[in-house]
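Coordinate-derived values only; no laboratory data. From a predicted model like this one, the values you see are computed outputs, not experimental measurements. No Cβ is skipped: glycine too gets one built from the backbone with ideal geometry, and neighbour counts run over all protein chains shown.
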Amino acid sequence: MAFSTGNSSGPMADINVTPLVDVMLVLLIIFMVTAPTLSYPIDINLPQPTLNPPPQDREPPPPVSLKIDASGTVSWDGAPVALNQLQNLMQQTVQRDPTNQPRLEIDVNGQAEYETLAKVLAYAKNAQMDKIGFVQNEQ
């Protein structure tokens, strides 16, 4: 800290930084206390390691094509299917081999209602289908 001598008659040009340091330390303590309370855990299901991994030599089954057109008609591998029968088809497909399920490829028309897609996804979840993908058509 500089002291003025008796020879200087002008004001002191040095800034007193002590209050600034005090404020910064108080803010640092406040942030350190509140930061842990701002974070919250997110529940996610991570894959767990297994001692006996599934065999990788099996060939995956061919994918199942599910198409929803603009009128809401659902077709399973090219054949029209009623929406209420779709979950039974999905369950039969999963029960054939639950460890080696086919991939469900969903192709949705841009004009289709979201409600139909939501029902299809709910049916797939209820049928325990694990491999679900969406087909993107270039237009």
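See the values below:
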quantity: Correct choice for Cα Rg over 2.2 N^0.38 Å that was computed from the model, options (1) 1.22; (2) 1.09; (3) 2.26; calculated: (3)
quantity: GNM flexibility winner over the chain from Gln48, Gln56, Gln111 (Cα, springs under 10 Å); calculated: Gln48
quantity: Stretchable slack from Leu83 to Asp43, in nm (0.36 nm times residue separation minus alpha-carbon distance); calculated: 11.2 nm
quantity: Antiparallel content of DSSP bridges confined to the chain, in %, to 5; calculated: 45
quantity: Within segment 10-99, trypsin sites (Lys or Arg not before Pro) in DSSP loop having at most 14 other beta-carbon neighbours inside 10 Å; calculated: Arg58
quantity: Where labels lie 7 Å past Cα in the beta-carbon direction, separation of Arg58 and Gln95 in nm; calculated: 1.7
